[in-house]
Ligand code: AMP
Ligand code: GLY
């Protein structure tokens, strides 16, 4: 390793973190990469350390013992308990939002209040911790309404209720803890927005930011956007639905007032701001904020970055984003998520997985829920198991390359959607 190359620790164990590990391996700024706790794919690429990432003291001990220079925190859970605050207090450079900033994701009620207070477009809403006021509110709603567990629920704590009885049952189930445990003890009820969704991701350093290309996720488990919501079954970028006009409106009506609002509320925002957008007839509206990269969206954004994303993360962490630009490659990227049959419900784990020996150029297999067993065999260990990413001059070519590799992967429970990117492909076909 060159004398100034850094030792980087990536926190997390999903596809997003495997993609970050790979970006670190490609970066000239990085000499060595560690992951904690990692997964089967990361263990094939770098050293993985079994540490409780929800215990800041344990992470700090690892940072000191392994002489880590820079920590990149992937998932929301450790951000929400203040891992970055603890690292920074100990003088460790870290990329990720602090605990106060992470509330924008960790409490949907807080997020909606923030949006309303700062005049940022979002669906009308009310929040409840008691059933009686909620029942009164639900009587005067227009249906469908969207009922959300306020706390963290891995993208699954949302029910679109078609009528009052369904909304009442959803709110009751959330408030009494049967549906989403502690995450549902506060509930947000909001009006249903019609439109197409897109994800906007920014790397933010206080009032400065760089934007990654717009992307589109596929949240439902089934083809044609059917079945229950998942963490995301596939994504592509750039998403043409966010055209220049929409981009300008997002910048002026959402991003700028959000950064101004954060400043006004005294929040030192450094890290990712993920804006889930609904593009409605009356303009873009915020569906949610997350304070970490989207998974699987990041898997299609990193291949589009010409600028080293690790350098941008470092600049955010150091407070030196001024003058940093993010250059993006021409072309399109796709990721198809391979999940275990049954996900997001019950599914098998521990099934052996065989990957192809060689991959075509610009195609990668990113691991999410995998593990290596004692004999070195790769086994499924989660709901979303693998992602096949491809980059090509056009989305059509990228999709063909990714799907060819999806077919070659062998494991009994393999399931994937065959229509990732289809909206954009249809748009392109119809001009
Ligand atoms: P969230 O966790 O808030 O992003 O919600 C998960 C998914 O539920 C979103 O990606 C949307 O597909 C859907 N959703 C959430 N809020 C609304 C809304 N107000 N109107 C329509 N769909 C929504
Ligand atoms: N793919 C959606 C998310 O990361 O929240």
Problem - Taking 29, 386 and counting other C-beta atoms within 10 Å, the order from fewest to most - result: 29, 386
Exercise for the section: Would you mind calculating the relative contact order of the range 277-431 from Cα pairs under 8 angstrom and at least 6 residues apart, reporting the percent as a whole number? Expected result: 25 percent
Problem - Separation of the residue 90 and residue 57 label points, Cα + 7 Å toward Cβ, nm - result: 1.1 nm
Exercise for the section: Could you give me the radius of gyration and the Dmax of the chain, taking only the C-alpha atoms into account and expressing both in angstrom? Expected result: 20.9, 66
Practice task
Answer rounded, prolate or oblate for the range 122-196, using the Cα gyration tensor with square roots of eigenvalues a ≥ b ≥ c: rounded when a/c is under 1.5, else prolate when a/b is larger than b/c, else oblate.
Solution key: oblate
Completion exercise
Two pseudo-spin positions, 7 Å from Cα along C-beta at residue 163 and at residue 196, lie apart in nanometres by 3.3 nm
Problem - Shape category assigned to the range 171-242 from the gyration tensor of Cα positions, a/c cut at 1.5 - result: oblate
Exercise for the section: Work out, step by step, the length gained on full extension between residue 265 and residue 113: first 0.36 nm times the residue separation, then minus their alpha carbon distance; give nm to one decimal. Expected result: 53.5 nm
Handout entry: Shape category assigned to the range 1-99 from the gyration tensor of Cα positions, a/c cut at 1.5
Key = oblate
Exercise for the section: Could you rank the peptides 13-26, 161-174 by their average count of other C-beta atoms within 10 Å per residue, with the highest value first? Expected result: 13-26, 161-174
Exercise for the section: Would you work out the relative contact order for the chain, in percent, from Cα pairs under 8 angstrom that are 6 or more residues apart? Expected result: 16 percent
Handout entry: Inter-label distance for residue 428 and residue 65, nm, one decimal - labels placed 7 Å from Cα along Cα-to-Cβ
Key = 4.8 nm
Handout entry: Extension gain, residue 318 back to residue 249 (0.36 nm per residue minus Cα-Cα distance, nm)
Key = 21.9 nm
Completion exercise
Rounded to 0.05, the calculated FRET efficiency for the beta carbons of residue 306 and residue 407 at R₀ = 22 Å is 0.10
Handout entry: Burial ranking of peptide ranges 256-263, 282-289 (average Cβ count within 10 Å, highest at the top)
Key = 282-289, 256-263
Practice task
Could you calculate the contour length gain from residue 358 to residue 126, that is, 0.36 nm times the residue separation minus the distance between their Cα atoms, to one decimal place in nm?
Solution key: 78.3 nm
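Read-outs throughout are calculated quantities, based only on the coordinates presented, and are distinct from any laboratory measurement. These figures come from a predicted structure and were not determined experimentally. Reconstructed Cβ throughout: ideal geometry from the backbone, glycine too, with neighbour counts over all protein chains shown.
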